[in-house]
Amino acid sequence: MRRVDAVVIGGGMAGLVAAWQFTREGLTPVLLEPRGYTGGLVAASRIAGVAYDIGAEGWAVRRPETAQLAAELGLSVEFPRPAPSWVWFDDGAFAMPARAVLGIPADLSDGDVVAALGTEGAAEAARLDGAPLPEELPGDLGSLVERRMGAEVLDRLVAPIAGGIHAADPHLLATEVVSPGLLGAVHRAGSLAGGVALVRGDGAPKPPVASVAGGMFRMPQVLGEQVEAAGGQLLTRTGARSIERGSDGSWLVHAAGTVRAADPSLPPTPSGAPVELSAPRLVVACSAAPARQLLSGVVDTTGPDLVPGAPIAHVNLAVRAPELDAGPRGNGMLVARGTTRVSAKALTHLSAKWPSLGACCPDGLHLLRVSYGRAGEQEPELSAGQALADASTLLGVDLSADRLVDHQTIHWSGALAPTTPATRAWVQGLHEQLTGVPGVGLTGAWASGSGIAALVPHARRTASELC
Ligand SMILES: Cc1cc2nc3c(=O)[nH]c(=O)nc-3n(C[C@H](O)[C@H](O)[C@H](O)COP(=O)(O)OP(=O)(O)OC[C@H]3O[C@@H](n4cnc5c(N)ncnc54)[C@H](O)[C@@H]3O)c2cc1C
């Protein structure tokens, strides 16, 4: 049994941030990661010789901590090129109005609104929203928009944007949750458009996301380098199998070497030599299902089934197409549900979106990510040919096979953190039980509120509180 300062289980962003925080507190942690690399869902690959993100590409800027961490790591932050969002319908592609909240326009006479709804449709929406407000407004976003601006605004402007961000029908989204303060603003302004204008303000829209210049994958890379430089250890191809508390109160972690699963998008399987560690501090930062199994001997982990999010599949294309230099569809587009002319659900023009990635591409080379797989629908057959056809339709540029320089198909099976209300309540219960158990902390996207913006401060705090 090797005795160390601290053990971190899980080598995704949360585990790396926790391990890095331990080193800032003067400790030398050991991190266990069953895959052959650290970073988890923040991962890099190369396409046409250019390194790029195949997993998460940035974080939501609503909280400041991830940008602060980037600064502490010596990394520069970059923002997406300012460009409108586009939505594809079978009858064409439309830029979404910039002055909007979740697709609800602040001004129904805006040119982009008229382009999407037609002159009469925009006038009808304005007429509906001009009616006196009822005392009580519907609580869900779908009914609110339908009641105040009509079904056309809901279907063509709001459903694609709100559905793309929250992966749900707007009728299932509580307005106060997805846009806090909007209902109050509508009451103050006397109309939905007026309320949106109050919430949104007059300034240029701020980008909602940021990333690391050079790629998001640089962040886990540099975290790992700095952990090792401070004396910590990253044990890849090593997975934790069980944990227990020793008689002296320290944590005993039983781990083993792993081999790659036949399907590389699935977790590796244990094999190889056992690794036995003991430490006064333990951070569990792995995915939800293995964390539940590891903690089952420590606290009561019974709870809801962990329903994985929608399957994610990307066909990434490197194409030689100088016509795309102008970024004809901004940084990319969402595809409205029910369209018949494309099978993709979204397209991101990666090399247009991220300035540092665009700078790495030789003249005329463009990187596109074509996304497939909607919640509740069967994943279509994926191929570079299908992705090229979908990209051609969406971008309005003929991308024939001879323009394809390179491609990659990436699957992230069951990767997204479970976010049902029942899972949230269960996670809360786990945290409460663990406050009564000394020397152990739980973190990770599923345990801290999803996304990198939430996990960074949570993982730092979890490690600090054990020091
Ligand atoms: C395609 C895609 C795009 C995304 N885009 C964004 C985005 O733009 N912005 C954003 O904020 N978020 C985004 N996300 C989500 C974000 O990537 C995750 O929330 C975050 O990276 C999760 O980090 P984590 O460390 O909690 O979990 P993970 O990255 O899942 O890491 C958990 C680690 O635990 C390891 N593990 C499992 N079992 C064991 C064991 N027994 N012992 C030790 N280790 C174990 C796993 O191998 C894994 O490496 C995206 C996700 C995907 C898949």
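The values are calculated or read from the model by the stated rules, or taken from the named source; none is laboratory data. Here the structure is a predicted model, which is why all the values come from computation and not from measurement. For neighbour counting, all protein chains shown are included, and Cβ atoms are generated from backbone atoms with ideal geometry for every residue, glycine included.
Just one of the listed residues (LEU277, LEU198, LEU266) is over 30 Å from GLU78 (Cα atoms), more than 25 Å from the chain's Cα centre (by Cα) and not hydroxyl-bearing (Ser, Thr, Tyr), and it is LEU277. The residue pairs whose first member lies in region 26-49 and is touching a residue at least 60 places away in the same chain (Cβ under 8 Å) and of a type in the set (D, E, K, R), whose second member is part of a strand (DSSP E or B) and more than 10 Å from the ligand (Cβ to nearest atom), and whose beta carbons are closer than 7 Å, counting only pairs six or more residues apart or on different chains, are GLU33/LEU234. So in region 14-35, with the set limited to residues that are in contact with a Pro (Cβ under 6 Å, 6 or more places away or on another chain) and not in a loop (DSSP other than H, G, I, E, B), which one is nearest to the ligand (Cβ to nearest atom)? For region 14-35, the residue satisfying everything is LEU16.
Identify the residue in region 342-365 that is of a type outside the set (Lys, Arg) and part of a loop (DSSP other than H, G, I, E, B) and, among all such residues, is nearest to ALA313 (Cα to Cα).
Within region 342-365, the subset of a type outside the set (Lys, Arg) is 342-344, 346-352, 354-365.
With part of a loop (DSSP other than H, G, I, E, B) added as a condition, the list becomes 342-344, 354, 361-364.
Details: VAL342: 15, SER343: 12, ALA344: 10, TRP354: 21, CYS361: 23, PRO362: 26, ASP363: 28, GLY364: 26 Å.
In this case the residue turns out to be ALA344.
Give me a count of the residues in region 237-259 that are of a type outside the set (D, E, K, R), outside any strand (DSSP E or B) and on the phi < 0 side of the Ramachandran plot. The total comes to 3. Here VAL8 fits the description: more than 6 Å from the ligand (Cβ to nearest atom), under 17 Å from SER287 (Cβ atoms) and at pLDDT 95 or above. Look through GLY190, GLY201, GLY195, GLY184 and report the one residue that is buried (at least 19 other Cβ atoms within 10 Å of the Cβ), within 30 Å of GLU136 (Cβ to Cβ) and away from the ligand (no atom under 16 Å from the Cβ). Being buried (at least 19 other Cβ atoms within 10 Å of the Cβ), within 30 Å of GLU136 (Cβ to Cβ) and away from the ligand (no atom under 16 Å from the Cβ) holds for just one of GLY190, GLY201, GLY195, GLY184, which is GLY195. Screening LEU357 on (1) touching a Lys or Arg at 6+ places or on another chain (Cβ under 8 Å); (2) farther than 22 Å from ALA93 by Cβ shows it passes everything except condition (1).
Going by the structure shown, is PRO80 within 30 Å of LEU317 (Cβ to Cβ) and either crowded, with 18+ Cβ neighbours inside 10 Å or not β-branched (Val, Ile, Thr) (or both)? It would help to see each step written out before you state the result.
Details: within 30 Å of LEU317 (Cβ to Cβ): yes; either crowded, with 18+ Cβ neighbours inside 10 Å or not β-branched (Val, Ile, Thr) (or both): yes.
Judged against the criteria, PRO80 is a match.
The combined condition, being closer than 20 Å to GLY111 by Cα, part of a helix (DSSP H, G or I) and without any contact (Cβ under 8 Å) to a residue 24 or more places away in the chain, is not fulfilled by GLY203. Applying the condition of being of a type in the set (Lys, Arg) and surrounded by fewer than 14 Cβ atoms within 10 Å (Cβ to Cβ) to region 41-74 and asking which residue is nearest to the ligand (Cβ to nearest atom) yields ARG62. Could you check, for region 241-248, whether at least one of its residues is aliphatic (A, V, I, L, M) and either away from the ligand (no atom under 11 Å from the Cβ) or exposed (fewer than 13 other Cβ atoms within 10 Å of the Cβ) (or both)? No, every residue in region 241-248 fails to be aliphatic (A, V, I, L, M) and either away from the ligand (no atom under 11 Å from the Cβ) or exposed (fewer than 13 other Cβ atoms within 10 Å of the Cβ) (or both).
Being closer than 30 Å to LEU69 by Cα and without any contact (Cβ under 8 Å) to a residue 60 or more places away in the chain narrows it down to one of VAL158, VAL177, so name that one.
On the way: VAL158 fails: closer than 30 Å to LEU69 by Cα.
Residue meeting the stated conditions: VAL177.
Hey, could you check region 321-337 for residues that are on the phi > 0 side of the Ramachandran plot and surrounded by fewer than 21 Cβ atoms within 10 Å (Cβ to Cβ) and say which is farthest from the chain's Cα centre (by Cα)? Don't jump to the end; show me each part of the working.
Filtering region 321-337 down to residues on the phi > 0 side of the Ramachandran plot leaves 327, 330, 332.
If we keep only those that are surrounded by fewer than 21 Cβ atoms within 10 Å (Cβ to Cβ) as well, we get 327, 330.
Numbers: GLY327: 23, GLY330: 20 Å.
So the residue we want is GLY327.
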